[in-house]
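Peer 1: Structure in structure tokens, see below.
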Amino acid sequence: MAKALLSELAAGSLEENAGKRSRLDLFKFVPFRLNRLAAEVSNALSAEYQARYGLDIPEWRVLATLGFRKDACSAQYIAQCTRTHKSTISRGVTSLMQRKLVERAENADDRREFRLQMTAKGKTLYEELIPKLLRREQEILSCLSAQERKDFAALLGKLERSLDLVQTSKDADAKEAY
């Protein structure tokens, strides 16, 4: 289903060139556009936490994932949740632990595995940063009308559902195997 939807979305970039030689226009190819947009939004947000807090993108992803969860979770869960390679998350976790923003918690169900949780210092940083990131998100979306923002959120949800992605913090929190 997901492949069909992406194929359908990308059809516009190929149809336009149907009369011409078969050529993919990257600037009309939806996967390329989504990837480029995600990278730019991520970079715009990273300016909020990089300069003042010295966090890089993987470190922020670790904190953000731990921040919406009620309980500690594994680094593997964070990697799956954020779609970030586990070695990148591991480096982020190591750095955050050195800075005493994240700590290991023993997994009561499996003593071979440890879980991660924010320290008090990490929670303070997270709580201080959230309003700044939400404000920056609004700045980024300010080029859209209220209705366009609502429609955009609905369309993103539709794409996420077609790819069988978890869509809410509650669902992600309840689903340990992402």
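The values are calculated or read from the model by the stated rules, or taken from the named source; none is laboratory data. Small disclaimer: the values here were computed from a predicted structure and weren't measured. All Cβ positions, glycine included, derive from the backbone under ideal geometry; neighbour counts span all protein chains shown. Side chains included, ligands, DNA and RNA excluded: accessible areas come from the protein's heavy atoms. Shrake-Rupley method; radii C 1.70, N 1.55, O 1.52, S 1.80 Å.
Peer 1: So what is the relative contact order for the stretch 12-151, in percent, with contacts set as C-alpha pairs under 8 Å and at least six apart?
Peer 2: Here the relative contact order equals 19 percent.
Peer 1: Amide H of Leu55: which non-local residues (sequence gap of 5 or more, or other chain) have their own amide H closer than 5 Å, using H built in the peptide plane?
Peer 2: Amide H neighbours of Leu55, under 5 Å, 5+ apart: Gln50.
Peer 1: Would you please classify the overall shape of the stretch 93-178 from the alpha carbon gyration tensor, given that a ≥ b ≥ c denote the square roots of the eigenvalues, rounded means a/c under 1.5, and beyond that prolate means a/b larger than b/c while oblate covers the rest?
Peer 2: Since a/c reaches 1.5 but b/c is at least a/b, the shape of the stretch 93-178 is classed as oblate.
Peer 1: If you filter the stretch 42-119 for trypsin sites (Lys or Arg not before Pro), then keep DSSP loop positions with at most 11 other Cβ within 10 Å, what is left?
Peer 2: Lys70, Arg83, Lys100, Arg111, Arg112
Peer 1: Quick one: how many Å² of Glu137 are accessible to a 1.4 Å probe, rounded to 10?
Peer 2: 80 Å²
Peer 1: Using a ≥ b ≥ c from the Cα gyration tensor of the stretch 20-106 (square roots of the eigenvalues), is it rounded, prolate or oblate, where a/c under 1.5 gives rounded and otherwise the larger of a/b and b/c decides, a/b for prolate?
Peer 2: Prolate, because a/c is 1.5 or more and a/b exceeds b/c.
Peer 1: Would you mind computing, in nm to one decimal, how far apart the modelled labels at Glu137 and Phe152 are, each placed 7 Å from Cα along Cα→Cβ?
Peer 2: Those two pseudo-labels are separated by 1.2 nm.
Peer 1: Summing +1 for each Lys or Arg and -1 for each Asp or Glu, what net charge is found among the other residues whose Cβ lies under 12 Å from the Cβ of Ile130?
Peer 2: Overall, the nearby charge balance is 0.
Peer 1: Assuming a ≥ b ≥ c are the square roots of the Cα gyration tensor eigenvalues, decide whether the stretch 61-143 counts as rounded (a/c under 1.5), prolate (otherwise, with a/b larger than b/c) or oblate.
Peer 2: Prolate, because a/c is 1.5 or more and a/b exceeds b/c.
Peer 1: Let me check against my output: what whole-number percent is the relative contact order of the stretch 44-103, with C-alpha pairs under 8 Å and at least 6 apart?
Peer 2: Value for the stretch 44-103: 28 percent.
Peer 1: Now a separate question. Would you pull out the residues with amide H under 5 Å of Ala105's amide H, same chain only if 5 or more places away, H placed 1.01 Å from N?
Peer 2: Sorted by chain and number, the residues that satisfy this are Arg115, Leu116, Gln117.
Peer 1: How charged is the neighbourhood of Arg112? Take every other residue with its Cβ under 14 Å from the Cβ of Arg112, and add Lys/Arg as +1 and Asp/Glu as -1.
Peer 2: -1
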